[in-house]
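Here the structure is laid out as structure tokens; the discussion comes afterwards.
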């Protein structure tokens, strides 16, 4: 089957899936307020890992994925799905994040790939270009050393989805993102730098290590302008993350056994990031966002 025919086939299949999904979700929305309709028996609407075939169709070599969800890794479980793009591995780890403008979002970690994880064809080339357009900014805690790039951060990640505004289509179905690490420079702790640090702290709140939270691309650009942060890839880890967003976390998408993996200080949520566990709890218990 040539590429055009293959694309047509998968487009038809995906269209049928969307129709079924919409019908199911519509039925759930008719439930009384405060109640979540029963989950699909195969949990197709919950986050899952993708099949090797779907990865390949989107430019990724499945066997090259490091820290891929296995169903027995503590971050995922075995769970069926009627979606042909899904593997029977349901992801229960949910990560909080900020979008480019500071809005709240949730996403899930599927693994990482290096530059050799892209297929050696035009699709792989396009996938890598896509990943570069949708960076994820990670904020490691310099006081802790952990090889898991999301485990010991000083705040929630910042995900730049600016390019989604250029099209109504899903330009990044796998959630491919270049991983960029954000660290404060020595200049940030000088008298001049501390003035800007205090400004950011008052505006956004403080992170795990008592440095200011940076939750917009504008924040990053301002801090880089004054050379108060360094934004770089880390050569010790794969450069690209597979980190899809949960586009609509309502109506049972956050399963009963899912958990939120977020930055804490002395075992407690950061005061400036309390909205993440609060909203996650409402979504999990009621299937809806918290009411104000």
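The values are calculated or read from the model by the stated rules, or taken from the named source; none is laboratory data. Quick caveat, the model's predicted, so the values are computed rather than measured. Using ideal geometry, Cβ is built from the backbone for each residue, glycine included, and neighbour counts are taken over all protein chains shown.
Tabulated results
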{"quantity": "The stretch 196-209, residues that are out of contact with any helix residue (DSSP H, G or I) (no Cβ under 7 Å at 6 or more places or on another chain) and either at pLDDT below 95 or under 27 Å from residue 134 (Cβ atoms) (or both)", "calculated": "203, 207, 208, 209"}
{"quantity": "Any hit, the stretch 104-122, residues being modelled with pLDDT of 95 or more, part of a helix (DSSP H, G or I), crowded, with 20+ Cβ neighbours inside 10 Å and in contact with a helix residue (DSSP H, G or I) (Cβ under 8 Å, 6 or more places away or on another chain)", "calculated": "yes"}
{"quantity": "Filter pass, residue 262 being under 30 Å from residue 77 (Cα atoms) and assigned to a helix (DSSP H, G or I)", "calculated": "no"}
{"quantity": "Which numbered condition residue 101 misses (of (1) over 28 Å from residue 207 (Cα atoms); (2) at pLDDT 95 or above; (3) out of contact with any strand residue (DSSP E or B) (no Cβ under 6 Å at 6 or more places or on another chain))", "calculated": "(1)"}
